[in-house]
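The values are calculated or read from the model by the stated rules, or taken from the named source; none is laboratory data. Bear in mind that the values here come from a model prediction, so they are computed numbers and not experimental data. FYI the Cβ positions are ideal-geometry reconstructions off the backbone, even for glycines, and counts take in every protein chain you see. When the accessible area is computed, the model is the full protein with side chains, heavy atoms only, and any ligands, DNA or RNA have been set aside. Shrake-Rupley method; radii C 1.70, N 1.55, O 1.52, S 1.80 Å.
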Amino acid sequence: MTHPPRHLADLDLAGRRAAVTALGEKPFRADQLSRHYFTRYTDTPEDMTDLPAGIRATLCDELLPRLLTSERELTCDDGATRKMLWRLHDGALVESVLMKYPDRVTMCVSSQAGCGMGCPFCATGQAGLTRNLSAAEIVAQVVAGERAVHTGSQPTATSRVSNIVFMGMGEPLANYKNLIGAIRRLTDPAPAGLGISQRSLTVSTVGLVPAIRRLTDEKLTVRLAVSLHAPDDEARDELVPVNRRWQVAEVLDAAWDYAAATGRRVSIEYALIRDINDQPWRADLLGSLLAGRLAHVNLIPLNPTPGSKWTASRPGVQEEFVRRVAGHGVAVTVRDTRGREIDGACGQLAATVTGRSVGPATRRPGTRLLPLA
Ligand code: SAH
Ligand code: SF4
């Protein structure tokens, strides 16, 4: 595992000032650099005309190293969905997806290169964990998204990334420290960070209970999404191997405590897999577990991974599942399938939706995408 170069987005403002001082410069230079990066999205010395020409290159080399190199970009939906594949300094590949809607812009980011959780329906899970991303590597995906918002064909009401979902590659809560650092940088106002509202961030987890509890104690207001995928331990043990450690009841308990502490509705993610977890009795069990809770179910039609024996539920079965969950008084939506064309084109991007009926999120790195180099 190689360490990515230090970047100002790995540090809080005090840390950046100390780093600049150690380079023999005045602390306020850290604020100038930060404003360039977080408000103008630039890391190019030539753009930094408020810094003496003689020190620009050094400061940029030391605090704004290039972390992401574009490997490939794919667009669909008339340019409204844009998938970006990035090469990191050590050759690891991660992807992010930018989705423009009339009223908002959602960015789906990766928190790890690969993932160690081994969920059998997930392309990232098949490839295993390469390494954690640094806080700055996570933030850099959003900064790249901010640059990209201004290009492309679809005009939007907002010219900035308004929502962020941690639904790209990796398990964010398995990279806890850097996740929290990234959340701070994304949400602290400039010059400390990008100033995006905490409420507009969604952290999606496979259900690492101690980390959910730790996140609860951070007193943030980010939304929590829990990838449940089954209401019973028998099916969940198969679909989400980490369930053998933290079972359904324990995961949901932690989720309800998070909801109580934040006042925010927890999103329960459920990939519908034909004949595996889509039976009517499982819909009823799910509905009864969530009834009366501060929760919302997001059903995701399975996006089959290459070579997988599993596929999405039949439409009638999906409708019946929705009907039964809703019958328990539980809010339920089915994610739209934005980005399907670019999924198809590159093997494995499951475009998804979080939030209300059309709120996007997404994911999926592709095993097919990865051997491009
Ligand atoms: N590791 C975290 C976040 C990344 S995965 C998690 O598991 O929650 C983001 C979402 O995509 C999760 O809900 C995950 O279960 C879902 N997902 C993974 N592979 C999928 C596939 N092939 N089809 C549909 N959804 C998938
Ligand atoms: Fe990891 Fe999430 Fe994929 Fe499971 S679904 S392997 S936790 S990225």
task = Kindly indicate whether residue 270 is in a strand (DSSP E or B), free of Cβ contacts under 8 Å to residues at least 60 places away in the same chain and touching a Ser or Thr at 6+ places or on another chain (Cβ under 9 Å).
result = yes
query = When residue 128 is evaluated against the numbered criteria (1) surrounded by fewer than 24 Cβ atoms within 10 Å (Cβ to Cβ); (2) touching a residue at least 60 places away in the same chain (Cβ under 8 Å), which criterion, by number, is the only one it fails?
reply = (2)
Filter result for the condition that a residue is closer than 17 Å to residue 195 by Cα, open to solvent by 50 Å² or more (accessible area, probe 1.4 Å) and touching a helix residue (DSSP H, G or I) at 6+ places or on another chain (Cβ under 8 Å), over 40, 6, 35 = 40
ask   = Looking at (1) free of Cβ contacts under 8 Å to residues at least 60 places away in the same chain; (2) open to solvent by 10 Å² or more (accessible area, probe 1.4 Å), can you tell me which one residue 264 breaks?
value = (1)
inquiry  = Looking at segment 246-263 only, could you name the residues that are within 13 Å of ligand 2 (Cβ to nearest atom) and over 21 Å from the mean Cα position of the chain (by Cα)?
reply    = 246
request  = Collect the residues in segment 159-176 that are within 10 Å of ligand 2 (Cβ to nearest atom) and in a loop (DSSP other than H, G, I, E, B), keeping them in residue-number order.
outcome  = 167, 168, 169, 170, 171
key: Single unsatisfied condition, residue 20 versus (1) in a loop (DSSP other than H, G, I, E, B); (2) open to solvent by less than 70 Å² (accessible area, probe 1.4 Å); (3) of a type in the set (Val, Ile, Thr); (4) more than 22 Å from residue 145 (Cα to Cα)   = (1)
query = If residue 26 satisfies every condition in (1) away from ligand 2 (no atom under 16 Å from the Cβ); (2) over 26 Å from residue 163 (Cβ atoms); (3) touching a residue at least 12 places away in the same chain (Cβ under 8 Å); (4) open to solvent by 60 Å² or more (accessible area, probe 1.4 Å) but one, which is the exception?
reply = (3)
ask   = Do you know which of the residues in segment 231-245 that are in a loop (DSSP other than H, G, I, E, B) and away from ligand 2 (no atom under 11 Å from the Cβ) is farthest from the chain's Cα centre (by Cα)?
value = 232
Flag if residue 344 is at pLDDT below 95, exposed (fewer than 15 other Cβ atoms within 10 Å of the Cβ) and either outside the structural domain of residue 228 (by TED's automatic domain parsing) or not in a loop (DSSP other than H, G, I, E, B) (or both) = yes
